[in-house]
Amino acid sequence: MESRKSLAAENKRCGKYNCAQAVLCAYSDLTGLTEETSKNVAHAFAAGMGTMEGTCGAIVGAGMVLGMVKKDKSVAMRDMRSVIQMFKERNGSIICKELKGIETKKVLRDCPDCVADACEFLEKVL
């Protein structure tokens, strides 16, 4: 499979997608969802699951893809742990407000880069 991380990052960068939508929509052919359905499913997972307090939307989007592609709970969970571990190793956190530096004023990673990373790691386990 050709990498989709650049496509997903550009989807986020253009402002028409939140992080979860950018990831989920990039793999719509694998999930069987239309782009519109993918965007609707992922609406509430923007800004760290809606509040910046939670998990980065790009990670959530990757988890949605894994669940739909793997179709096996234990396999999807195992692969999600791998994605999270790789993401944390590269970026230092999976929490939106920490990645954005809301409290520290030190940005760990910009959103398009988080999206690209989540896609890169997702593709490693797909």
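Residue count for region 81-94 satisfying the condition of being over 18 Å from PRO112 (Cβ atoms) and either buried (at least 21 other Cβ atoms within 10 Å of the Cβ) or of a type in the set (Val, Ile, Thr) (or both): 1.
Here's a check for you: in region 81-102, which residue that is aliphatic (A, V, I, L, M) and in a loop (DSSP other than H, G, I, E, B) is modelled with the lowest pLDDT? Step by step, filter region 81-102, then rank; the result is ILE102.
Residues in region 95-116 that are out of contact with any Leu (no Cβ under 7 Å at 6 or more places or on another chain), free of Cβ contacts under 8 Å to residues at least 60 places away in the same chain and crowded, with 19+ Cβ neighbours inside 10 Å: ILE95, CYS96, LYS100.
From the list GLY61, GLY48, the one residue that fits, being within 17 Å of ALA9 (Cα to Cα) and either at pLDDT below 95 or among the aliphatic types (A, V, I, L, M) (or both), is GLY48.
Going by the conditions given, is LYS105 closer than 19 Å to VAL41 by Cα, at pLDDT 95 or above and more than 13 Å from the chain's Cα centre (by Cα)? It is false that LYS105 is closer than 19 Å to VAL41 by Cα, at pLDDT 95 or above and more than 13 Å from the chain's Cα centre (by Cα).
Each residue in region 46-80 was checked for being farther than 16 Å from PRO112 by Cβ and not in a helix (DSSP H, G or I), and 7 of them qualify.
Against the conditions (1) within 20 Å of LYS124 (Cβ to Cβ); (2) without any contact (Cβ under 8 Å) to a residue 40 or more places away in the chain, MET64 satisfies every one except (2).
If the condition is being more than 13 Å from ALA116 (Cα to Cα) and either among the small types (Gly, Ala, Ser) or surrounded by 17 or more Cβ atoms within 10 Å (Cβ to Cβ) (or both), then region 1-17 contributes GLY15, TYR17. Entry remark, region 67-126: residues being closer than 26 Å to GLY15 by Cβ, in contact with a helix residue (DSSP H, G or I) (Cβ under 9 Å, 6 or more places away or on another chain) and small (Gly, Ala, Ser) number 4 in total. MET64 falls short on exactly one of the conditions (1) over 14 Å from the mean Cα position of the chain (by Cα); (2) buried (at least 17 other Cβ atoms within 10 Å of the Cβ); (3) hydrophobic (A, V, I, L, M, F, W, C), and that condition is (1). Tallying residues that are hydroxyl-bearing (Ser, Thr, Tyr), assigned to a helix (DSSP H, G or I) and surrounded by fewer than 19 Cβ atoms within 10 Å (Cβ to Cβ) within region 32-45 yields 1. Restricting the first member to region 17-42 and to residues that are under 17 Å from GLY54 (Cα atoms), and the second to residues that are assigned to a helix (DSSP H, G or I) and modelled with pLDDT under 95, the beta-carbon pairs closer than 7 Å and six or more apart or on different chains are ASN18/PHE45; ASN18/ALA46; CYS19/ALA46; ALA20/PHE45; ALA20/ALA46.
The values are calculated or read from the model by the stated rules, or taken from the named source; none is laboratory data. Source: prediction; values computed, not measured. Don't worry about glycine lacking a Cβ; one is built from the backbone with ideal geometry, like all the others, and counts go over all protein chains shown.
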